[in-house]
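K.L.:
Sending over a structure as structure tokens; questions will come in a sec.
The values are calculated or read from the model by the stated rules, or taken from the named source; none is laboratory data. Note that the structure is predicted; figures quoted are calculated from it, not measured. Here the Cβ is made from the backbone with ideal geometry for all residues, glycine too, and neighbour counts use every protein chain on show. Areas reflect the complete protein model, heavy atoms only, side chains present, ligands, DNA and RNA absent. Shrake-Rupley method; radii C 1.70, N 1.55, O 1.52, S 1.80 Å.
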Amino acid sequence: MAHPAFTQEAADRPTAATDKQPSALPEYIKVLEVVTAGVDAPIEPVDRKLYSYSDSARLIADGGIWAWGTTGRPLAMAKAWKNRNGTQTYAFSLTSDELAIVRGPQAKIWMPEKTQVEPAELTGAPAPDPQSAVRLRQLKEQARRFTAHEFWNPDNSRFELRLLPQPVHRYQDEKRKIDDAAIFLLAYDNNPQILLLIEMLRPAAGAARWQYLLARVSSADLHVLLDGKEVWAQDRTPGIVGTPTDYYWHMVTMPEPTNSP
């Protein structure tokens with residue numbers, strides 16, 4: 001099974017607009033057109049895979065986490081992987097308080113009708129430190145307060161999820177008055193199931209504080225606990241794949257035919 005892989009330097013600091021690097025995006029990401037609903041300008045993806053994984057038990061190969069939005073909180077994120085039959089799956093998850101539209105290959109369209117993320121105050125957290133390196137340590141410490149489990153198969157077996165220790169993305173968001181933030185993954189083995197966003201919010205008045213948001217990247221029945229108390233739960237998605245108007249949906253595309261010589 002593949003081990004996690006991501007750019008540690010990028011994960012250890014907020015992403016700035018000037019951090020642009022030469023794009024090496026795979027074709028299956030380049031073909032997606034992602035926009036904020038009501039806005040024509042496309043949203044560019046973060047120009048690196050945030051995380052790599054495989055899951056032999058669930059027949060997933062060459063899996064990865066991708067995000068759209070090079071500054072601020074991502075508009076959307078997705079798990080993308082190859083299936084054994086050659087199809088490509090994009091498991092899109094809306095991570096913004098704004099709606100998105102994604103146009104993919106073979107006339108596939110994802111157009112969620114409502115959002116899923118709801119900020120909640122992270123009570124009991126220390127005051128955010130002015131130094132970025134110290135805040136990173138604080139972010140990791142606060143992430144460890146979360147635990148999660150899921151119910152997946154027809155027998156309703158329970159699977160414990162583990163927090164991957166390093167954040168896969170760090171960002172700032174001036175529009176939302178977020179000075180620092182990080183995205184962590186709660187995973188089954190190495191397969192991400194839940195996105196945990198922890199953000200340092202600096203309101204117009206008052207002291208800076210922490211908040212958290214949760215989003216699914218799994219079709220399972222999901223449960224998240226903070227300090228041992230359940231704070232978030234999601235039912236299974238309909239038919240595993242969901243529907244293209246849901247805030248989480250599997251866009252599955254067929255392999256392109258090859259021309260015989």
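K.L.:
Can you list residues from other chains, or at least 5 along the same chain, whose modelled amide H is less than 5 Å from the amide H of G72?
P.N.:
Distant-sequence amide H within range of G72: Q172.
K.L.:
Under a 5 Å amide H to amide H cut-off, with H placed in plane at 1.01 Å, what residues pair with Q193 once short-range neighbours are removed?
P.N.:
For Q193, the qualifying residues are L186, A187, Y188.
K.L.:
Tell me the GluC sites (Glu not before Pro) within segment 32-125 that lie in a loop according to DSSP and have at most 16 other beta-carbon atoms within 10 Å. Don't skip to the end; give the middle numbers.
P.N.:
Working: sites: E33, E98, E113, E121; in loops: E98, E113.
Within segment 32-125, the qualifying GluC sites (Glu not before Pro) (loop, at most 16 other Cβ atoms within 10 Å) are E98, E113.
K.L.:
What nm value, rounded to one decimal, do you get for the distance between Q106 and N156 when each label is placed 7 Å out toward the C-beta?
P.N.:
The two pseudo-label positions are separated by 3.5 nm.
K.L.:
Ranked from the most accessible area to the least, with a 1.4 Å probe and all protein chains present, what is the order of E199, E230?
P.N.:
On the way: E199 0, E230 95 Å².
So, going from the largest accessible area down, we get E230, E199.
K.L.:
Could you state how much accessible area K82 has, in square angstrom rounded to the nearest 10, with a 1.4 Å probe and all protein chains kept in place?
P.N.:
The accessible area comes out at roughly 80 Å².
K.L.:
If you don't mind, another one. What aspartates and glutamates does K229 reach when the alpha-carbon gap must be under 13 Å and sequence neighbours fewer than 8 apart in one chain are set aside?
P.N.:
none
K.L.:
Here's a follow-up. For the chain, what does -39500 (n - 2.57) per DSSP helix run (n ≥ 4), summed and divided by total residues, give at 222 nm, in deg cm²/dmol to the nearest 500?
P.N.:
Details: 3 runs with 20 residues, N = 261.
The helix contribution divided over the chain gives -2000 deg cm²/dmol.
K.L.:
Let me ask something additional. Give me the 1.4 Å probe accessible area per residue for the chain, excluding ligands and nucleic acids, in Å².
P.N.:
On the way: 12410 Å² over 261 residues.
Per-residue accessible area for the chain comes out at 48 Å².
K.L.:
When the Karplus curve 6.51 cos²θ - 1.76 cosθ + 1.60 is applied with θ = phi - 60°, which whole-Hz ³J(HN,Hα) does each residue of segment 220-236 get, with x for Gly and Pro?
P.N.:
6, 7, 10, 9, 10, 10, 10, 6, x, 10, 5, 10, 7, 8, 9, 6, 4
K.L.:
7 Å from Cα along Cα→Cβ at both V39 and A127: what's the point-to-point distance in nm?
P.N.:
So the two model labels end up 3.4 nm from each other.
K.L.:
Rule-of-thumb check for the chain: C-alpha Rg over 2.2 N^0.38 Å?
P.N.:
0.99
K.L.:
Within the accessible area of segment 143-186, what % is carbon and sulfur when the probe is 1.4 Å and the other protein chains stay in place?
P.N.:
Numbers: 990 of 2070 Å².
C and S atoms contribute 48 percent here.
K.L.:
Which three semi-axes in whole Å describe the equivalent ellipsoid of segment 117-223, each the square root of 5 times a Cα gyration tensor eigenvalue, listed largest first?
P.N.:
Each semi-axis is √(5λ); the values are 28, 13, 11 Å.
K.L.:
Normalised by the number of residues in the chain, what is the relative contact order in percent for Cα pairs under 8 Å and 6+ residues apart?
P.N.:
Numbers: 600 pairs, mean separation 51.5, N = 261.
RCO, the chain: 20 percent.
K.L.:
To continue, here is another question. Suppose every Lys and Arg Cβ carries +1 and every Asp and Glu Cβ carries -1, with no other charges. What dipole size does segment 188-254 come out with about its Cα centre, to the nearest 20 debye? Could the numbers behind the result be given before it?
P.N.:
Details: 5 positive and 7 negative charges, 50 e Å.
It works out to roughly 240 debye.
K.L.:
Cross-link list K114/K140; K49/K140; K49/K82; K82/K108; K79/K177: which exceed 24 angstrom alpha carbon to alpha carbon?
P.N.:
On the way: K114/K140 30 Å; K49/K140 21 Å; K49/K82 15 Å; K82/K108 17 Å; K79/K177 28 Å.
Cα-Cα > 24 Å for K114/K140; K79/K177; rest within.
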